[in-house]
Amino acid sequence: MNENFINTWVPNSELGRVLSLQEPIAKRREREGTTFDTSHALAQAIMKGWKKHSPADSLVISPTFELMGRLPVNERYRQEPVQEYLMFLQDSLAGELPGFGEDTREPAPLNSETVLNGLKVVLNDVRSSQDVLNVFRAPGLGHQDYTVVEIDATAFENGGTLTIEISVGQAEAAGSFDLFDADSELPTSGAPENALASVYGVQPGETQKITYTFNQGQHFKFGATGDWFSEKGSTNAFVAKISVELSQKPEEREGVSTHSYQSPEDLMNAFVKALKNVDSGAMRSMLTERGIETFGIEMIPGVLVMLTEQGIEILGNEEVLKDVLPQLRQMFRQMEVLSSEYVGGEFHFRLRMPMENPPELSVKMRKVGDEWFIYDVEPFKGD
């Protein structure tokens, strides 16, 4: 292939195909001062080659930017995938324009062997980020059928923050994604209770992110599967941008307090105090990025309190908010610690609001470098 082709790939989202990502990508480019010329002949050829409703397409483009062949990912035969792809390339070079005539082929069904074929990503100081393009299948309600990506982050001896930015294609199935320790057994049915971090129900065209902080180099497994509410057997493609950011001392982390908490109990008490005072700045200094993303308290039905870059945001029906806003600060002030415990190398505690049918929060923290930080704030789901 390297003798006859330049092999590369371009996310559909960068060229504007994913409508929901057009505005965020435009803002990112403005913020970073970068541009992307979609009028370039190569970009135009890629955009011209897209097949409607296809999540990903293999395209062959000539040196003069003419389309020579197209193979949609959901239309590949899978009995002999290597031979089929070789034939596609040969037909493209022969000028037969495969994929651009009337296509009467039926997409071949994915089988479990194809879905479970593993990929491996090795990250280190030189290459701290890598992109993966693959497909997943919806297994039906109550089941898991993972496309597995092995992640080797052992080069980061002092740990770091693993981030997986996941973009789902435009085909039918929505996706669910889970991060596991390498030694974990991946479930084939039921909820993945042993997952380190997860995002569920990522709809076609959407992008979500998993963030996980680890204290020393290790291996992970990243699993992609269709969500339980997509039609059984439906498929979609996904792109996962997998990266690791080195751990830094707390005082070097932008937006994080330089105050060192000598114990997790100190951090717990400081967090409760900041929560009671509705001090969003202090709260943000105690949480990792993932902790900020998970922070959401439904204090009363229909009213959600979130922690954002702008501070505390309260979301809900305008009529409801008008009546309850004066009470929210008082509710925060009455929050109390129900229990606390060490779980392995972590520290977990539960909070409760003194209300009828009070909501309970589960708060989890771990060490990042030499300091404790909160990485998860979620409704308590029971033992």
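Observations on the structure shown:
- Highest mean packing first, where packing is the average number of other Cβ atoms within 10 Å per residue, the peptides 167-175, 136-144, 6-14 line up as 167-175, 136-144, 6-14.
- Spacing of the two label points (7 Å from each Cα toward its C-beta) at ALA191 and VAL10, in nm: 4.2
- Phi-derived couplings, Karplus 6.51 cos²θ - 1.76 cosθ + 1.60 at θ = phi - 60°, listed residue by residue for the range 88-96: 4, 5, 5, 5, 5, 5, 7, x, 8 Hz, with x used for Gly and Pro.
- Placed amide H near ASP227: partners under 5 Å, 5+ positions off or other chain: ALA174, GLY175, SER176
- Packing rank of 231-244, 41-54, where each peptide gets the mean count of other beta carbons within 10 Å, highest leading: 231-244, 41-54
- Distance between the pseudo-spin-label points of GLN216 and LYS364 (7 Å out from Cα toward the beta carbon): 2.0 nm.
- At 1.567 mPa s and 4 °C, Stokes diffusion of the range 12-93 via Kirkwood alpha-carbon radius, µm² per second: 90
- A simple packing score, the average count of other Cβ atoms within 10 Å per residue, orders the peptides 337-347, 154-164 as 154-164, 337-347, with the highest score first.
- For the cross-link pairs LYS51/LYS241; LYS232/LYS364; LYS221/LYS276; LYS209/LYS232, the ones whose C-alpha atoms lie over 32 Å apart are LYS232/LYS364; LYS221/LYS276.
None of the figures in this text is laboratory data; all of them are computed from the coordinates on show. Just so it is clear, the model here is predicted, and its values are computed rather than measured. Ideal geometry is used to build each Cβ from the backbone, glycine not excepted, and the neighbour counts take in all protein chains shown.
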